[in-house]
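**Student:** Before I ask anything, here is the structure I am working with.
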Amino acid sequence: MSEFFVLKPEEGIRFGTKWAYADDLPPINLGTSKKCPVCGKGVSGLEWLPPRRIKLSRYKSTWWGDFVWGAGFLLLVSAHFKQVYEQENLQGITNFSEPVEVLKAGTKKMADLSVEPPVYHLIDIVWNGANQDDVASEVIYKHPEQIRCSFCRVGGGRLSQSGIVIEEGSWTGADIFTPRAGPVEIMVSKRFKQVAEAYDLKNRWLIPAEKYAYDETRPGLWYINDQ
Ligand SMILES: [Zn+2]
């Protein structure tokens, strides 16, 4: 069994109809990105600062998952997930935000809903929870000569890779983390997967990391490598 998994929305569908996704609503205040400790360059998206207000795309409770995906932020998680995470002593989340404010759900205003949506928190996770083994992952960069830092490997333009293999000994023990130099933002441990399945956490897809392949020329950029 795989040791690490890529966390994605169910069936890889971020903006679908089975599960609600979130749109961030103005005013949207952005902070800074995380920085590589070696070269000082940005290695993440910009932090989303308060006030954090969202619209959920759907208004029925059966559409509200434990993981709420969207654009412009990493991931929202339910209070139920937070409780499970803490109870099971999982590691890797550096911050659960104050609850985000849900202003709308689908076509409805909050006052018109018969059931209130779950409390959702924005999470932040450890960067460099493990390092990608670029050779074993068969990474091909477009401009390898433009990689200015051998630590974060930002700037080379990723063309393809056949999977994500973690460098032996580089895993810090985090159960949810961003891998250094990987093509994804969120990876999780085997234990995280077991917990997610045991509690049936909603709107997730856990893809074995070594099968998560990347190809810049494909429409969706990534695919499952079953070879
Ligand atoms: Zn760097």
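The values are calculated or read from the model by the stated rules, or taken from the named source; none is laboratory data. The structure displayed is predicted, hence computed values, not measured ones. Virtual Cβ from ideal backbone geometry, glycine too; neighbours counted across all protein chains shown. Just so you know, the surface numbers come from the protein's heavy atoms only, side chains and all, with ligands and any DNA or RNA stripped out. Shrake-Rupley method; radii C 1.70, N 1.55, O 1.52, S 1.80 Å.
**Student:** Can you give me the long-range amide H partners of Trp127? Hydrogens built in the peptide plane at 1.01 Å from N, cutoff under 5 Å, separation of 5 or more residues or another chain.
**Tutor:** Amide H neighbours of Trp127, under 5 Å, 5+ apart: Thr178.
**Student:** To continue, here is another question. Starting from the alpha-carbon convex hull of segment 16-112, give the projected area averaged over all orientations, in nm².
**Tutor:** Values: hull surface 30.8 nm².
Averaged projected hull area, Cα only: 7.7 nm².
**Student:** Glu185 versus Ile224, label points 7 Å from Cα toward the beta carbon: distance in nm?
**Tutor:** Spacing of the two 7 Å Cα→Cβ label points: 2.3 nm.
**Student:** Using the structure shown, list the pairs from Lys35/Lys142; Lys60/Lys82; Lys60/Lys211; Lys35/Lys202; Lys104/Lys211; Lys35/Lys55 with a Cα-Cα distance above 26 Å, or answer none.
**Tutor:** Details: Lys35/Lys142 23 Å; Lys60/Lys82 21 Å; Lys60/Lys211 34 Å; Lys35/Lys202 32 Å; Lys104/Lys211 38 Å; Lys35/Lys55 30 Å.
Long pairs (Cα-Cα over 26 Å): Lys60/Lys211; Lys35/Lys202; Lys104/Lys211; Lys35/Lys55.
**Student:** Average the reciprocal distances over every distinct pair of alpha-carbons in segment 117-227, invert the result, and give the Kirkwood radius in Å.
**Tutor:** Result for segment 117-227, one decimal place: 15.2 Å.
**Student:** Can you tell me how the chain classifies by the Cα gyration tensor, rounded, prolate or oblate, using a/c under 1.5 as the rounded cut?
**Tutor:** Because a/c hits 1.5 or more and a/b exceeds b/c, the chain counts as prolate.
**Student:** Heads up, I need the accessible area for Phe4: 1.4 angstrom probe, whole protein in place, Å², nearest 10.
**Tutor:** 30
**Student:** May I ask you to give the solvent-accessible area per residue for segment 4-218, in square angstrom, as obtained with a 1.4 angstrom probe? Please list the in-between numbers first.
**Tutor:** On the way: 10400 Å² over 215 residues.
With the other protein chains kept in place, segment 4-218 gives 48 Å² per residue.
**Student:** Assuming R0 = 22 Å, can you tell me the calculated FRET efficiency for the pair Asn29 and Thr107, based on Cβ-Cβ distance, to the nearest 0.05?
**Tutor:** That gives a FRET efficiency of 0.25.
**Student:** Place a label point 7 angstrom from the Cα of Lys18 along the Cα-to-Cβ direction, then list the residues of segment 54-72 whose backbone nitrogen is under 18 Å away.
**Tutor:** Under cut-off, by backbone N: 57-70.
**Student:** Next question. Would you calculate the separation in nanometres between label points at Glu216 and Lys60, each defined as 7 Å from the Cα along the Cα-to-beta-carbon direction?
**Tutor:** So the label points at Glu216 and Lys60 sit 4.4 nm apart.
**Student:** So, in nm, how far is label Val154 from label Glu168 when the simple model puts each one 7 Å beyond its Cα toward the Cβ?
**Tutor:** A separation of 3.1 nm, rounded to one decimal place.
**Student:** Send over the Kirkwood Rh of segment 126-166, from the inverse of the averaged 1/r over different Cα pairs, rounded to one decimal Å.
**Tutor:** Here the Kirkwood hydrodynamic radius works out to 10.7 Å.
**Student:** Once you sort the root eigenvalues of the Cα gyration tensor of segment 63-126 as a ≥ b ≥ c, which label holds: rounded (a/c under 1.5), prolate (a/b larger than b/c) or oblate (the other case)?
**Tutor:** Numbers: a/c = 2.66, a/b = 1.79, b/c = 1.49.
Cα axes put segment 63-126 in the prolate bin.
**Student:** Right, something else. Counting other Cβ atoms within 10 Å of each Cβ, which GluC sites (Glu not before Pro) in segment 157-219 have at most 15 and sit in a DSSP loop?
**Tutor:** Hits after loop and neighbour filter: Glu168, Glu216.
**Student:** Which ³J(HN,Hα) values in Hz, rounded to whole numbers, follow from the phi angles of segment 58-65 under the Karplus curve 6.51 cos²θ - 1.76 cosθ + 1.60, where θ = phi - 60° and Gly and Pro get x?
**Tutor:** 9, 10, 9, 4, 5, 9, 9, x
**Student:** Also, quick follow-up: Could you work out the local net charge near Trp48, counting Lys and Arg as +1, Asp and Glu as -1, over the other residues with Cβ closer than 14 Å to its Cβ? Spell out each step's value before the answer.
**Tutor:** Values: positive: Lys34, Arg52, Arg53; negative: Asp23, Asp24, Glu47, Glu98, Glu101, Asp124, Glu185.
Residues near Trp48 contribute -4 overall.
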